[in-house]
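For reference, the structure discussed in these notes is given below.
Values in this text are rule-based calculations from the coordinates and carry no lab data. Computed from a prediction, not measured in an experiment: that's the story for all the values here. Cβ placement follows ideal geometry from the backbone for every residue including glycine, while neighbour counts extend to all protein chains displayed.
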Ligand code: HEM
């Protein structure tokens, strides 16, 4: 039986380096203007390092979605280090990411990519709970 899970579907053709660039730059435009997320990014990423951060995020999504191998970093550490990351912030991040996806990818690619982002966000939340000695067994995946 074919797998109908959106997270496992192959790209439908709207995912390439150009649309990933539009996704990353569009998303951070929204995130920086957002009252919840904007102050965190402004505090954590000095102005002169923004081009580097954006390039890193393009490499991350290129590696994740196109298997390009362009990203060589470790995604988890910054998300363990930020003290205020809670479900409200993760929920807002996913919401803005989903909104941007619908602007740059066709619907099938947007659906598979948001499913992937939700799983990554969940892995960050699980890791945070573990590091803080909290019980993570009841932690449900946040949906955009
Ligand atoms: C509330 C939600 C989030 C906040 C506030 C947040 C914030 C940050 C900050 C401040 C950094 C460090 C910036 C830098 O040094 O360049 C970062 C890095 C990163 N974030 Fe997030 N993030 C969030 C959620 C996510 C999610 C859901 C994903 C993936 C789906 C993600 C993927 C990454 C990656 C790949 C990096 C680069 C790590 C590295 O190689 O240094 N983030 N994030």
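Looking at region 11-22, is at least one residue in contact with a helix residue (DSSP H, G or I) (Cβ under 6 Å, 6 or more places away or on another chain), under 21 Å from residue 124 (Cα atoms) and surrounded by 12 or more Cβ atoms within 10 Å (Cβ to Cβ)? There is no residue in region 11-22 that is in contact with a helix residue (DSSP H, G or I) (Cβ under 6 Å, 6 or more places away or on another chain), under 21 Å from residue 124 (Cα atoms) and surrounded by 12 or more Cβ atoms within 10 Å (Cβ to Cβ). Every test in (1) near the ligand (Cβ under 8 Å from one of its atoms); (2) surrounded by 15 or more Cβ atoms within 10 Å (Cβ to Cβ); (3) in a loop (DSSP other than H, G, I, E, B) is passed by residue 70 save one, and that test is (1). Can you pull out every residue in region 17-48 that is under 17 Å from residue 94 (Cβ atoms) and either in contact with a strand residue (DSSP E or B) (Cβ under 7 Å, 6 or more places away or on another chain) or in contact (Cβ under 8 Å) with a residue 60 or more places away in the chain (or both)? Scanning region 17-48 gives 23, 26, 27, 30, 31, 34.
Scanning region 31-62 for residues that are under 16 Å from the mean Cα position of the chain (by Cα), over 17 Å from residue 96 (Cα atoms) and more than 9 Å from the ligand (Cβ to nearest atom) yields 55, 62.
Residue-level analysis places residue 98 among those that are more than 10 Å from the ligand (Cβ to nearest atom), touching a residue at least 12 places away in the same chain (Cβ under 8 Å) and within 15 Å of the chain's Cα centre (by Cα). Once region 73-95 is narrowed to residues that are more than 20 Å from residue 30 (Cα to Cα) and free of Cβ contacts under 8 Å to residues at least 24 places away in the same chain, the residue that is farthest from the ligand (Cβ to nearest atom) is 83.
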